[in-house]
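The values are calculated or read from the model by the stated rules, or taken from the named source; none is laboratory data. The shown structure was predicted, so the numbers you read here are calculated from the model rather than taken from an experiment. Reconstructed Cβ throughout: ideal geometry from the backbone, glycine too, with neighbour counts over all protein chains shown. These accessible areas exclude ligands, DNA and RNA; they are computed on the full protein's heavy atoms, side chains included. Shrake-Rupley method; radii C 1.70, N 1.55, O 1.52, S 1.80 Å.
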Amino acid sequence: MMHNIEIAQGVYSVGAVDWTMRNFHGYETPRGITYNAYLIVDEKICLIDTVKAPFTKELLERISQIIDPSRIDYIVCNHTEPDHSSALPAIMEKAPQAKVVLTSQGKESILKHYHKEYDFLVVKEGDSLELGRNKLKFITMPMLHWPDSMASYLTGEEILFSNDAFGQHICTSKRFDDENVITDIMHEASKYYANILMPYNRLIGKALGKAETVPLKMIAPSHGIIWRTHIQDILKKYEQWGSGYHDDSVIIVYDSMWGATEDMARRILEGVAAGGSSVKLHRLTTSSLSDIINDLLEAGGIIVGSSTQHNDVLSTMGGFLTYLKGLQPVNKIGAAFGAYGWAGGAQKSIEESLKASGIALESSELAFKWVADKEGQDRCFSFGMEFAKKLQATKE
Ligand code: FEO
């Protein structure tokens, strides 16, 4: 037997919990991942999303405890990324008459992924689907975070099936926000936003506007717990993150070959702290990219350092800067530093990358040959302090 949970009258959580998954295409997931799917049993039977293919058996077993899967009338595909759709071909074999409900971009994506023609029901913004007691209304959310993305809203029970939006990578045996430690849930929601949705910041406000036009008893994402007690808290956080809110904290991200750049990082940190901002230090060989980006989400400043190797940054730093450029954080100021041997290059390279990432650059002139002397160390400290003061001034 599986422990199925009826989250509302006739609405069941039937997805899978991937307790041991620690890496989701590069996003580190120390608390595992869930692939949530929901079964609505009304006059019509509707499955909201599927799961990642290796969990098909679990999904089918959960559904079979409630109804014969062949009775499914509709499978809503809110988003076609394989963590939500790769079980679809197997489910369609069990329910070949089911209509697959999705956006036109979703249809194109399913055809290109699975190369099978299903009975597609293409929906657009504002369309609805009668299920019996209740109906589903569709809210398109293009580029949050794929072109096909949408949410489905169940009237009557007032549940927003939001797919990736409002998700968190965390495994729990309890399905609701108030049954778990809320600080853990909010931390994972923030990390999810930072690593998945940050590049689409400018679209968040519009999507929230649509979601907030309907009464909400629950937000049921396709990753993590279901929001029912802290709905306003997570909506407010999305509004803040989408608007580019930041505080006056700073993150320092670096890697160092023989310790000279590391010493600079620590002296800059001391200066930032003396300047009154809170500050965190991340060495790229020991911190995960996903955690660094989570810390960046609400930080106002980022100071980045690397030793020079082959006239450029260390390879760890190259990976970080590429990731940062893709995320395009908004409303941040930044600076570069680093030590070099016979020729420099890392600092210039970092500065170019920060600019290309949309970060407003503060000139530091903190590039030292070999190891900084006392005067150089003091310059690092002073720069950190000035950086903090500048950041605080932008908040006033
Ligand atoms: Fe959870 Fe974009 O897939």
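At a glance:
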| item | result |
| --- | --- |
| Where only C-alpha atoms are counted, convex hull volume of the chain per residue in Å³ | 135 Å³ |
| Cα-based Rg / Dmax (Å) for the range 199-297 | 18.5, 58 |
| Over the range 59-173, relative contact order from alpha-carbon pairs under 8 Å, at least 6 apart, % | 20 percent |
| Size of electric dipole in the chain: Cβ of Lys, Arg +1 and of Asp, Glu -1, about Cα centre, debye, nearest 20 | 280 debye |
| Out-of-range pairs (alpha-carbon distance over 27 Å; input Lys99/Lys236; Lys52/Lys191; Lys174/Lys280; Lys44/Lys206) | Lys99/Lys236; Lys174/Lys280; Lys44/Lys206 |
| Rg over Rh [alpha-carbon atoms, Kirkwood Rh] for the range 268-322 | 0.99 |
| Mean separation of Cα contacts under 8 Å (6+ apart) over length of the range 112-258, as relative contact order % | 22 percent |
| Per residue accessible area in Å² of the chain, where ligands, DNA and RNA are left out and the probe is 1.4 Å | 41 Å² |
| Length-normalised contact order for the range 1-133 - Cα pairs under 8 Å, 6+ apart - percent | 20 percent |
| Principal axis dimensions, largest first and in whole angstrom, of the range 1-93 by Cα | 42, 25, 20 |
| Theoretical ellipticity at 222 nm over the chain - DSSP helices of four or more residues, -39500 (n - 2.57) apiece, nearest 500 | -10500 deg cm²/dmol |
| Share of carbon and sulfur in the accessible heavy-atom surface of the chain [1.4 Å probe, %] | 52 percent |
| Of Tyr254, Ala211, Val14, farthest towards positive along the dipole that unit charges on Lys, Arg, Asp, Glu beta carbons give the chain | Ala211 |
| Selection from Tyr323, Ser278, Gln168, by position along the positive dipole direction of the chain (Cβ) | Tyr323 |
| Per-selection Rg to Rh, the range 109-160 - Cα, Kirkwood hydrodynamic radius | 1.04 |
| Whole-Å semi-axes of the ellipsoid equivalent to the range 250-391 (Cα gyration tensor, √5λ, descending) | 20, 18, 13 |
